[in-house]
Amino acid sequence: MTLTIAVLFSGGGRTVLNLLDCIEQSTLNATISLAIASRHGCSGIQRLTDRGLDIAVARTSSESSSDGDKRVEAWLDEARPDLICLCGYLRLLTIQPWMENRILNIHPSLLPKHGGKGMFGMRVHESVIEQGDSETGCTVHFVDEEYDHGPCILQKTCAVHDGDTPQMIADRVFDLECEAYPIAIQLAAEQLRV
């Protein structure tokens, strides 16, 4: 059975592109049934459109974030995908009962370290350096009502080297994310079918 996935993003869409690559290479038995950008202006919209995805845009620049959130909830409720994959999505979802244990997020640190509201992108890697961590990585977890919280599905780690810049760490961690997310999606799918 092919898994149906909704992907939600707020930035460049690289994580979604990775999932598309895995689907096309048959290393992930899934189809992206719904792709949602949190707002107009996300650079990932054009990248993903070029790859053949129809992108639903939650809100225009003149609308409130809550208007966009309501629209996203309605789209997800109508589509009812097997899994909802947050791919750099910076909004907190309201979790409906049917969504329990069906929403996954990937975060560029070893949660619970360097997570929470406002901790995304380079802020995370800057925090890793500031704290003097010797290792970092990524975490895929089930989503609950808090940012970067919920049961861990999978973590992958890498070393932090003396002299690393936030960008060097970001590049290393993104490589791990590309490995981790498809594996975690399969693990979550297996749990759903038990």
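Enumerate the helices in the chain for which the Kyte-Doolittle hydropathy averages -1.0 or more and the C-alpha atoms extend at least 18 Å along the helix's axis, using complete DSSP H runs.
On the way: long enough: 65-79 (21 Å, -1.15); 166-192 (36 Å, 0.31).
Those that pass (Cα extent of 18 Å or more, hydropathy at least -1.0) are 166-192.
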Mind listing the long-range amide H neighbours of residue 137? Cut-off is under 5 Å, sequence gap 5 or more, other chains count too, H placed in the peptide plane at 1.01 Å from N.
110, 158
Could you tell me the largest-minus-smallest coordinate of the C-alpha atoms of the range 72-145 on each of the three principal axes, in descending order and whole angstroms?
45, 17, 16
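Determine the per residue accessible area of the chain with all protein chains present and a 1.4 angstrom probe, expressed in square angstrom.
Details: 9480 Å² over 194 residues.
Normalised by residue count, the accessible surface of the chain is 49 Å².
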What percentages make up the Cα-Cα pair-distance distribution of the chain when the bins are 5 Å wide from 0?
1, 8, 17, 20, 21, 17, 10, 5, 1, 0
If you build the Cα gyration tensor of the range 79-194 and take the root of 5 times each eigenvalue, what three semi-axes come out, in whole angstrom, biggest first?
27, 15, 10
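So between residue 175 and residue 63, what do we pick up on full extension, going 0.36 nm a residue minus the alpha carbon distance? Walk me through the intermediate numbers first.
Numbers: separation 112, 0.36 × 112 = 40.32 nm, distance 3.50 nm.
The residue 175-residue 63 span can extend by a further 36.8 nm.
Roughly to the nearest percent, how much of the accessible area of the chain is carbon and sulfur, given a 1.4 Å probe? Each step should come with its number before you reach the end.
Values: 4520 of 9480 Å².
Accessible surface attributable to carbon and sulfur in the chain totals 48 percent.
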Name the residue farthest towards the positive end of the dipole of the range 1-150 from the options 103, 35, 45, assuming +1 on Cβ of Lys and Arg, -1 on Cβ of Asp and Glu, about the Cα centre.
45
Tell me which GluC sites (Glu not before Pro) from the range 121-194 have a DSSP coil assignment and no more than 12 other beta carbons within 10 Å of their own.
145, 146
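Where the only charges are on Cβ atoms (+1 Lys, Arg; -1 Asp, Glu), what is the dipole of the chain about its Cα centre, to the nearest 20 debye? Let's see the in-between values first.
Details: 16 positive and 27 negative charges, 78 e Å.
Here the chain has a charge dipole of around 380 debye.
Once a ≥ b ≥ c are taken as the square roots of the eigenvalues of the Cα gyration tensor of the range 118-162, is the result rounded (a/c under 1.5), prolate (a/b larger than b/c) or oblate (a/b not larger than b/c)?
The shape class here is oblate.
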Hand me the trypsin sites (Lys or Arg not before Pro) from the range 84-187 located in a DSSP loop with no more than 10 other Cβ atoms within 10 Å, in residue order please.
117
Where labels lie 7 Å past Cα in the beta-carbon direction, separation of residue 152 and residue 113 in nm
1.1
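The values are calculated or read from the model by the stated rules, or taken from the named source; none is laboratory data. No experiment lies behind these values; they were computed from the predicted model shown. Quick reminder, even Gly has a Cβ in these numbers, built from the backbone with ideal geometry, and neighbours come from all protein chains shown. Note: areas computed on protein heavy atoms with side chains; ligands, DNA, RNA excluded. Shrake-Rupley method; radii C 1.70, N 1.55, O 1.52, S 1.80 Å.
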